[in-house]
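Encoded as structure tokens, the structure appears first; notes follow it.
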Amino acid sequence: MNIGKRIIQSEAAQTAIAFAAAMLIKFVRRTSRFEVRRGDIAARFWTGDEPFIGATWHGQNLILPALWHNWREMRILVSRHGDGEIVSKVMHFLGVGTIRGSGVPKGEERRSKFKGKGGAGALRAMVRALGENISVGMTADLPPGPARRAGDGIVMLARLSGRPIVPVAATTRARYQLNNWDRFTVNLPFSKGALVWGEPIYVPRDADPEALELARQRVEDELNAVTNEADRIVGRNPRAESAGASAH
């Protein structure tokens, strides 16, 4: 490992990067004008003191913690690997708790790896948090993709906990988007923003495999719908994906 890599992976460097990222997110929130669609959906849960599962897409969710009501506790599922440590620190600086682990992948090969990434423990921790009246946030798609295809984990969590999945998307007109599998987006300040909530999706505790697949597909469709709606609000064409990393 070279010196540069050791520095980047050091505790001090990761903390500094996370602090800078959190400050940028707060700055974007304070300098941008966000239009909220169907905010009453989340408000019903918040005022009723009821937890839910906030569903987002990978790479499209950094701004969301800054839009959460800080009087309602929430914990975000964060990977134990890769950039997970930095993301966990970012959440800490934004005042949001985390649960470390991975989502539930499809396929036998991926499921065997899932056990070694803390997935089973994370699932239990999320069920426990929801049972303690704490909302949970997680991405519906899984690395390394394909992006915007919901996995099984989120519907499994809804079935085990009895709590609904609420799709949510947030974006800004000004943003920097990477050319990676999830089109990772960095929102920029002084922009028009959008926060869009979708209708709650309930998964019965006795759901059979067919019902679980229908729920998974509905999560995928609804999450794509709110994501596209958010893009349209800020004046973007949801179908127009630029090639390569780009600043807009």
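Rolling a 1.4 Å probe over the protein chains gives residue 176 an accessible area of about 90 Å². Restricting attention to the chain, close to 35% of DSSP beta bridges with both partner residues there are antiparallel. Once the chain from residue 43 to residue 134 is taken as fully extended at 0.36 nm per residue, the excess over their C-alpha distance is 31.3 nm. Computed with a 1.4 Å probe over protein heavy atoms only, the accessible area of residue 74 comes to about 30 Å². P(r) for the chain, from all Cα pairs and a bin width of 5 Å, is 1, 6, 13, 18, 20, 18, 12, 7, 3, 1, 0 %, short bins first.
Kindly provide the Kirkwood hydrodynamic radius of segment 113-229 in Å, to one decimal, from all pairs of distinct alpha carbon atoms. Walk me through the intermediate numbers first.
Numbers: mean 1/r = 0.0642 Å⁻¹.
Final number for the Kirkwood radius of segment 113-229 is 15.6 Å.
Taking label positions 7 Å along the Cα-Cβ direction at both residue 225 and residue 202, the computed distance is 1.8 nm, reported to one decimal. For the chain, the dipole from Cβ point charges (+1 on Lys and Arg, -1 on Asp and Glu) about the Cα centre works out to 700 debye, to the nearest 20.
Each principal axis of segment 26-83 carries a Cα extent, and these read 36, 29, 19 Å when sorted largest first. Among 62, 130, the sequence by solvent-accessible area, most first, with a 1.4 Å probe is 62, 130.
Across the options 226, 67, 162, the greatest Cα extent toward the positive end of the charge dipole of the chain (unit charges at beta carbon of Lys, Arg, Asp, Glu) belongs to 67. Computed over protein heavy atoms with a 1.4 Å probe, the accessible surface of the chain works out to 50 Å² per residue. Rounded to the nearest 20, the Cβ-based charge dipole of segment 147-248 about its Cα centre (Lys and Arg +1, Asp and Glu -1) stands at 540 debye. Solvent exposure of residue 93, expressed as accessible area, is near 60 Å², computed with a probe of 1.4 Å over the protein chains only.
The values are calculated or read from the model by the stated rules, or taken from the named source; none is laboratory data. Remember, predicted model here, so these are calculated numbers, not experimental data. Reconstructed Cβ throughout: ideal geometry from the backbone, glycine too, with neighbour counts over all protein chains shown. Heads up: the accessible areas ignore ligands, DNA and RNA and are worked out on the full protein's heavy atoms, side chains in. Shrake-Rupley method; radii C 1.70, N 1.55, O 1.52, S 1.80 Å.
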